[in-house]
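Take a look at the structure set out below.
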Amino acid sequence: MWANLNSTCGSQTWTGVADTQDGPRISTINVDTGEVRELGPGFFPRWSTDGDRIALVADGSDGQELFVVAAEGGERLQVTEHPERVVYPLWSGPETLIFVADASAG
């Protein structure tokens, strides 16, 4: 089951979160070719405005943290180390900032 689908503007590649027995897993889906690329566990995926990277929330060193991964997959970079759960990452226009809501803030 796919949920939380989103894409870059004008792109034919979408991200999706599949609910599996091991928890939510993020993949990219190319609409034209049907190719699915697994990006690993996580949720709330959001494309960068240039389409090169995906921000996501996953288990990290201090609970649920923000990560960035190349859209093609590869090594994840943990961006936050926050004592509370982070959710809903959003990219800024200039590609330099990611805004994250703190789930404990209400």
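Just a few scattered comments:
- Hits in the range 30-86 (condition: in contact with a Pro (Cβ under 7 Å, 6 or more places away or on another chain) and of a type in the set (Val, Ile, Thr)): Ile54, Val57
- Thr80 being at pLDDT 80 or above, assigned to a loop (DSSP other than H, G, I, E, B) and farther than 22 Å from Glu38 by Cα: yes
- Taken over the range 1-34, the criterion of being modelled with pLDDT of 70 or more, surrounded by fewer than 11 Cβ atoms within 10 Å (Cβ to Cβ) and in a loop (DSSP other than H, G, I, E, B) is satisfied by Gln21, Asp22, Asp32, Thr33, Gly34.
- Being hydrophobic (A, V, I, L, M, F, W, C) and touching a Gly at 6+ places or on another chain (Cβ under 9 Å) is a condition met by at least one residue of the range 38-49.
- Within the range 35-56, the residues that satisfy the criterion of being in a strand (DSSP E or B) and in contact (Cβ under 8 Å) with a residue 40 or more places away in the chain are Phe44, Pro45, Arg46, Trp47, Ala55.
The values are calculated or read from the model by the stated rules, or taken from the named source; none is laboratory data. Remember, predicted model here, so these are calculated numbers, not experimental data. Neighbour counts run over all protein chains shown; Cβ positions are idealised from the backbone, glycine included.
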